[in-house]
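The values are calculated or read from the model by the stated rules, or taken from the named source; none is laboratory data. Keep in mind that this is a model prediction, so the values were computed, not measured. All Cβ positions, glycine included, derive from the backbone under ideal geometry; neighbour counts span all protein chains shown.
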């Protein structure tokens with residue numbers, strides 16, 4: 001019960017932090033042009049055949065991608081390049097980890113659309129954050145989990161058609177997860 005309260009408190013802190021206004025122009029952080037992605041896990045597989053592995057993550061992920069005009073635009077000496085097109089994002093996920101323990105991942109990151117037309121976008125994404133939930137005998141299954149919270153970095157590759165989102169997320173050397181979601185604009 002205490003760990004569940006801790007996870008809910010962490011999500012509350014994230015939500016409170018996101019509801020602040022930016023100091024530069026006193027506009028709300030969530031502006032028109034941003035996107036909310038709601039996802040769930042579709043399929044997960046592990047690279048090794050461990051009988052302890054649980055393949056049904058029951059993931060619920062909420063992710064906010066900031067409006068393009070809110071992105072930090074740092075002009076490079078040679079002019080703009082692909083890094084100026086990265087859209088920043090924040091999110092939080094709750095899921096069952098590989099050992100059927102309820103876990104939470106709070107993160108921030110960036111997304112780069114490498115293909116885009118009127119109906120379809122393909123992208124690469126990189127997130128970094130804190131992972132909580134690997135406990136007991138499984139505590140050491142993820143690195144740096146000494147105090148029950150570990151840093152995590154996850155790449156993702158996805159495609160959106162209209163508002164339907166499909167995403168592939170390799171999680172280290174352990175496996176890969178495929179998610180399906182819907183984008184609210």
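Is it the case that some residue within region 80-89 is under 25 Å from residue 58 (Cβ atoms) and either in contact (Cβ under 8 Å) with a residue 12 or more places away in the chain or surrounded by 19 or more Cβ atoms within 10 Å (Cβ to Cβ) (or both)?
First, pick out the residues of region 80-89 that are under 25 Å from residue 58 (Cβ atoms): 89.
Okay, now just the ones that are also either in contact (Cβ under 8 Å) with a residue 12 or more places away in the chain or surrounded by 19 or more Cβ atoms within 10 Å (Cβ to Cβ) (or both), so 89.
Checked region 80-89: at least one residue is under 25 Å from residue 58 (Cβ atoms) and either in contact (Cβ under 8 Å) with a residue 12 or more places away in the chain or surrounded by 19 or more Cβ atoms within 10 Å (Cβ to Cβ) (or both).
Being closer than 20 Å to residue 37 by Cβ, over 14 Å from the mean Cα position of the chain (by Cα) and surrounded by 14 or more Cβ atoms within 10 Å (Cβ to Cβ): is that true of residue 145 here? Write out each step before concluding.
Numbers: closer than 20 Å to residue 37 by Cβ: no; over 14 Å from the mean Cα position of the chain (by Cα): yes; surrounded by 14 or more Cβ atoms within 10 Å (Cβ to Cβ): yes.
Taking the combined requirement at face value, the residue does not satisfy it.
Looking only at region 143-154, which residues are in a strand (DSSP E or B) and farther than 12 Å from residue 107 by Cβ?
149, 150
Just to check your reading of the model, which residue among 107, 134, 182 is in contact (Cβ under 8 Å) with a residue 24 or more places away in the chain and farther than 17 Å from residue 58 by Cα?
On the way: 134 fails: farther than 17 Å from residue 58 by Cα; 182 fails: farther than 17 Å from residue 58 by Cα.
After applying the criteria, what remains is 107.
List, please: which pairs have Cβ atoms under 7 Å, are six or more places apart or on different chains, and start with a residue in region 53-67 that is touching a residue at least 12 places away in the same chain (Cβ under 8 Å) and end with one that is assigned to a loop (DSSP other than H, G, I, E, B) and surrounded by fewer than 17 Cβ atoms within 10 Å (Cβ to Cβ)?
Close Cβ pairs (under 7 Å, with a partner that is assigned to a loop (DSSP other than H, G, I, E, B) and surrounded by fewer than 17 Cβ atoms within 10 Å (Cβ to Cβ)) amount to 54/100; 64/30; 67/31; 67/33.
Going through region 59-85 one residue at a time, which ones are modelled with pLDDT of 70 or more, over 15 Å from the mean Cα position of the chain (by Cα) and part of a loop (DSSP other than H, G, I, E, B)?
Result: 67, single match.
Modelled with pLDDT of 80 or more, in a loop (DSSP other than H, G, I, E, B) and closer than 18 Å to residue 171 by Cβ: does that describe residue 41?
Values: modelled with pLDDT of 80 or more: yes; in a loop (DSSP other than H, G, I, E, B): no; closer than 18 Å to residue 171 by Cβ: yes.
No; evaluated as a whole, the condition is false for this residue.
Hey, can you tell me all the residues within region 92-142 that are in contact with a helix residue (DSSP H, G or I) (Cβ under 9 Å, 6 or more places away or on another chain), at pLDDT below 95, in a strand (DSSP E or B) and surrounded by 15 or more Cβ atoms within 10 Å (Cβ to Cβ)?
113
So residue 150 ticks every box in (1) within 20 Å of residue 67 (Cα to Cα); (2) touching a strand residue (DSSP E or B) at 6+ places or on another chain (Cβ under 9 Å) but one. Which box is left unticked?
Looking at each condition in turn, residue 150 falls short on (1).
If I ask for residues that are in contact (Cβ under 8 Å) with a residue 40 or more places away in the chain and surrounded by fewer than 19 Cβ atoms within 10 Å (Cβ to Cβ), which ones from region 155-165 would you list? Can you show your working first?
Within region 155-165, the first condition is being in contact (Cβ under 8 Å) with a residue 40 or more places away in the chain, and the residues that meet it are 160-162, 165.
161, 162 - these are the residues of region 155-165 that are in contact (Cβ under 8 Å) with a residue 40 or more places away in the chain and surrounded by fewer than 19 Cβ atoms within 10 Å (Cβ to Cβ).
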